[in-house]
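Worksheet: one structure, shown below.
The values are calculated or read from the model by the stated rules, or taken from the named source; none is laboratory data. For clarity, every value in this text was computed on a predicted model and none was experimentally measured. Here Cβ is always computed from backbone atoms with ideal geometry, including for glycine, and neighbour counts include all displayed protein chains.
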Amino acid sequence: MNTLVTGAAGFIGAHVAERLLRNGHSVVALDDLSGGFVENVPPGAEFVRGSVCDRDWVESLFARRRFDAVFHLAAYAAEGLSHFIKRFNYENNLAGSVNLLSCAVNHDLRLFVFTSSIAVYGHAEPPMTEDMRPAPVDSYGIAKYAFELELEATRAVFGLPYVIFRPHNVYGEKQNIADRYRNVVGIFMRQALQGETMTVFGDGLQTRAFSHVDDVAPIIADALDRPDCWNQAFNVGADQPYTVLQIAEEVAKALAVQKRIVHLPPRVEVVHAFADHSKVRRFFGDRPLVSLSEGIARMAVWAKRRGVPPATPAPPVEIPRNLPGGWVQ
């Protein structure tokens, strides 16, 4: 099948594109390079630079191609920062997604695969399960859940099948470790590699199940060949939760540096968030997971070889009030 992968220069999108190619599908890799790198796009995929927020450009791309499926991974995934960049968040994570969805309907695609987020569950008691009613508490999660509802409504009216994946705290090779606002494993690696202290909001006892990209990307890509999973939502990622302080310890160990931490005032965030994966195992099989120590060690080897790239510009803060310490621009 001819597939379009958005966000394909980002690290999860790149791994999904690689898996699709291995599964025998052709891939057009779309990215605006606001946070990803062309070097991440796997050989065999055709790279196209553009933004899902440009409605006319997206329509022209669909008109020129005969896509069978869309894998939509393009997003600005910064839960905490999303409170302070509301317009940017909704334009990129919701309006841009709707541009793709409209084209998918108009061009009779067979499947729309969407990477949502565990953020849709908000303060729900972990482990989160797919039968819980989503109640997001940040602008990023709200945008993701709004598009989940849009996918359901679009299928009801136009018959377009979809699959929703809710990954959480994904890290791994090809990640943009220069990003100051997203992905704590990458942030800690950048800080350690540059001789800085690791910054922790609050006491660092927040828990997440940190998921190596190899636990997530293959399952997302395999959805195209598994019609029995269509029109459903799945949590996908690691099972074992760890504290932020434990992540700092693992990163320091993997990079062979002394762990140095500075605690910043706590920010408004969900304290404990990890998910149950019984459903995804029923549909996709019980696959071995990458342990935290192995995953961070593999990423550390890659990061030392890659080096820290120049920082990409962050979106301008729209609401400076109550901006967490360390984020003042």
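Listed values, structure above:
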{"item": "Residue match in region 19-32 (condition: touching a helix residue (DSSP H, G or I) at 6+ places or on another chain (Cβ under 6 Å), surrounded by 23 or more Cβ atoms within 10 Å (Cβ to Cβ) and under 20 Å from His212 (Cβ atoms))", "result": "yes"}
{"item": "Yes/no for Val301 being under 13 Å from Leu255 (Cα atoms) and either outside any loop (DSSP other than H, G, I, E, B) or under 20 Å from the mean Cα position of the chain (by Cα) (or both)", "result": "yes"}
{"item": "Which listed residue is at pLDDT 95 or above and either crowded, with 20+ Cβ neighbours inside 10 Å or touching a Phe, Trp or Tyr at 6+ places or on another chain (Cβ under 7 Å) (or both), from Ala78, Ala95, Ala119", "result": "Ala119"}
{"item": "Elements of type helices (runs of 4 or more DSSP H) contained in region 169-275, each with 3 or more residues being outside the structural domain of Ser34 (by TED's automatic domain parsing)", "result": "184-193, 244-255"}
{"item": "Region 1-16 residues that are more than 15 Å from Val216 (Cα to Cα), paired with ones that are outside any strand (DSSP E or B) and of a type in the set (Phe, Trp, Tyr) (beta carbon under 9 Å, 6 or more apart)", "result": "Met1/Phe67; Asn2/Phe67; Thr3/Phe67; Leu4/Phe62; Leu4/Phe67; Ala9/Phe37"}
{"item": "Residues satisfying the stated conditions in region 118-135, i.e. in contact (Cβ under 8 Å) with a residue 40 or more places away in the chain, out of contact with any strand residue (DSSP E or B) (no Cβ under 6 Å at 6 or more places or on another chain) and not in a helix (DSSP H, G or I)", "result": "Gly122, His123, Thr129"}
{"item": "Some residue of region 3-21 being under 25 Å from Phe88 (Cα atoms), modelled with pLDDT of 95 or more, in a helix (DSSP H, G or I) and in contact with a Pro (Cβ under 9 Å, 6 or more places away or on another chain)", "result": "yes"}
{"item": "Residues of region 75-108 that turn out to be farther than 20 Å from Asp54 by Cβ and of a type in the set (D, E, K, R), as a count", "result": "3"}
{"item": "Filter pass, Val290 being part of a loop (DSSP other than H, G, I, E, B), at pLDDT 95 or above and in contact with a strand residue (DSSP E or B) (Cβ under 7 Å, 6 or more places away or on another chain)", "result": "yes"}
{"item": "Subset tally (residues that are part of a helix (DSSP H, G or I) and within 19 Å of the chain's Cα centre (by Cα)) for region 276-287", "result": "1"}
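This table checks each residue for (1) part of a helix (DSSP H, G or I); (2) among the hydrophobic types (A, V, I, L, M, F, W, C); (3) at pLDDT 95 or above.
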| residue | (1), (2), (3) |
| --- | --- |
| Val113 | no, yes, yes |
| Val137 | no, yes, yes |
| Tyr140 | yes, no, yes |
| Ala146 | yes, yes, yes |
| Ile164 | no, yes, yes |
